[in-house]
1. What is the one condition in (1) loosely packed, with under 11 Cβ neighbours inside 10 Å; (2) touching a Leu at 6+ places or on another chain (Cβ under 8 Å); (3) part of a helix (DSSP H, G or I); (4) not charged (D, E, K, R) that ALA7 does not satisfy?
2. State all residues of the range 34-67 that are surrounded by 11 or more Cβ atoms within 10 Å (Cβ to Cβ), over 15 Å from LEU4 (Cβ atoms) and at pLDDT 90 or above; if no residue qualifies, say none.
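The values are calculated or read from the model by the stated rules, or taken from the named source; none is laboratory data. Note that this is a predicted model, so its numbers are computed, not measured. Methodologically, a virtual Cβ is constructed for each residue, glycine included, from the backbone with ideal geometry; neighbour enumeration extends over all protein chains shown.
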Amino acid sequence: MGQLRVASSADGTVVLGWDMTAVLAMAQALGVNPLIAAESLPVIEAVMVRKFNEQSTADDRASLSRG
């Protein structure tokens, strides 16, 4: 989880986003054009954060219902 920004609370852990410095460094290492990475990654990040947190919430509910 080193490339994720997270917050912990009594309700669990919530993903806030990516560590963009790390993400852009990985993109550069992979040969991705920095302008394309900077333009597209925030959009991808927003979808990832939303889906990750939705899945995490669903998993938490499922484990609570199992007792």
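1. Among (1) loosely packed, with under 11 Cβ neighbours inside 10 Å; (2) touching a Leu at 6+ places or on another chain (Cβ under 8 Å); (3) part of a helix (DSSP H, G or I); (4) not charged (D, E, K, R), ALA7 violates only (3).
2. Selection gives ALA37, ALA38, SER40.
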